[in-house]
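S.K.: The following block contains the structure, expressed as structure tokens.
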């Protein structure tokens, strides 16, 4: 039995009626740009994230870009982040005119190591971008303690609805950051039927700036207080996402149940390191990522058995050719490099059947019993 890494059709079949109705409401209303569905979704995401404001934009990459622009990041500034993440995190820093400064990751959570940040801070450090990788929040309170008064952008593209207990209180992804950013790419836990993104903040002034920046720098048509961008969340996508949002908690719970099934099944295989979740965190398992030294051979084995998988990410950002100008060398961030050589993600989507999960486990086990 073939098992895909992700099956969006299986999810769509369970919500088709609601989503189609929401989309047709927009079509009938003919308000395709910043229609009411955008405002509805913004209020919903703000509430979910326990934030005062949520501002929709065109995609998750733009969410980071707009956040940096709102924080006045520009030429000759430095932004500290992790090299073990999707390209958009550092790409946005470069495209805003600043310089990415990388620090290594915690080898257990794959998130940025708070203890490594202090040595990277210089007078030019303008922002720290913390990435919530694979659905687990970064240690935002530890980063804030090290960063002092440096703003923190939380790249929560993979963690909408994730939470972390800080000082006895449950904090949601995006809540404690200066600005939190989300992606609604179709493969995310809350994915649209195309691109989409959102920013959240507690700040009145940042909300005002972000609202202007996403529409060419002005709140009033043809009047521009800033040089902004064309980065509006499509009303059709907002309608889709608003229809899907009530299911998010159940979908994330199903992902956690699937992850627990794998954890138990792989416990007897000493070569596999199953995902570690910080005890303070509740992960939404955007990915179920194991690690092992013979990763490439396992990947080829799974492919031959029709078991979906992917490597996130095969080459850390400090070694990407486009960032050669930064001057980083191989071996400089050993934990990120080791993770890139060892990680592989398995199907964990909510609609996995018992038979499909058993097939994934059998496929992995058969690699070790040959």
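S.K.: In this structure, does residue 15 turn out to be closer than 30 Å to residue 117 by Cα, assigned by TED's automatic domain parsing to the domain that holds residue 180, at pLDDT 95 or above and touching a helix residue (DSSP H, G or I) at 6+ places or on another chain (Cβ under 9 Å)?
M.R.: When the stated conditions are applied, residue 15 does not pass them.
S.K.: Since residue 323 meets every condition but one in (1) in contact (Cβ under 8 Å) with a residue 60 or more places away in the chain; (2) over 18 Å from the mean Cα position of the chain (by Cα); (3) closer than 27 Å to residue 366 by Cβ; (4) part of a helix (DSSP H, G or I), which condition does it not meet?
M.R.: Condition (3) is where residue 323 drops out.
S.K.: Could I ask something else about it? Restricting attention to the stretch 297-308, does a residue exist that is surrounded by fewer than 17 Cβ atoms within 10 Å (Cβ to Cβ) and within 23 Å of the chain's Cα centre (by Cα)?
M.R.: no
S.K.: Considering each residue of the stretch 326-352, count those that are farther than 15 Å from residue 292 by Cβ and touching a strand residue (DSSP E or B) at 6+ places or on another chain (Cβ under 9 Å), and give that number.
M.R.: 9
The rows are residues; the columns are (1) without any contact (Cβ under 8 Å) to a residue 12 or more places away in the chain; (2) surrounded by 15 or more Cβ atoms within 10 Å (Cβ to Cβ); (3) more than 25 Å from residue 158 (Cβ to Cβ); (4) touching a strand residue (DSSP E or B) at 6+ places or on another chain (Cβ under 8 Å).
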site: 15; (1), (2), (3), (4): no, yes, no, no
site: 19; (1), (2), (3), (4): no, yes, no, no
site: 24; (1), (2), (3), (4): yes, no, yes, no
site: 29; (1), (2), (3), (4): yes, no, yes, no
site: 42; (1), (2), (3), (4): no, yes, no, yes
site: 45; (1), (2), (3), (4): no, yes, no, yes
site: 48; (1), (2), (3), (4): no, yes, no, yes
site: 52; (1), (2), (3), (4): no, no, no, yes
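S.K.: Moving on. If a residue has to be out of contact with any helix residue (DSSP H, G or I) (no Cβ under 7 Å at 6 or more places or on another chain) and either touching a residue at least 24 places away in the same chain (Cβ under 8 Å) or surrounded by 14 or more Cβ atoms within 10 Å (Cβ to Cβ) (or both) to count, how many in the stretch 200-225 make the cut?
M.R.: So the count comes out to 11.
S.K.: Still on this structure, I have one more. Among (1) assigned to a loop (DSSP other than H, G, I, E, B); (2) buried (at least 16 other Cβ atoms within 10 Å of the Cβ); (3) under 20 Å from the mean Cα position of the chain (by Cα), where does residue 228 come up short?
M.R.: Single failed check for residue 228: (3).
S.K.: Kindly provide the set of residues from the stretch 137-194 that are closer than 16 Å to residue 67 by Cα, in contact with a helix residue (DSSP H, G or I) (Cβ under 6 Å, 6 or more places away or on another chain) and in a loop (DSSP other than H, G, I, E, B), ordered by number.
M.R.: Passing the criteria: 157, 176.
S.K.: May I pose another question? Return yes when residue 100 is more than 17 Å from residue 179 (Cβ to Cβ) and either without any contact (Cβ under 8 Å) to a residue 24 or more places away in the chain or part of a loop (DSSP other than H, G, I, E, B) (or both) and no when it is not.
M.R.: Judged against the criteria, residue 100 is not a match.
The values are calculated or read from the model by the stated rules, or taken from the named source; none is laboratory data. Just so we're clear, the structure is a prediction, and the values are computed from it rather than from any experiment. All Cβ positions, even for glycine, are placed from backbone atoms using ideal geometry, and neighbour counts span all protein chains on display.
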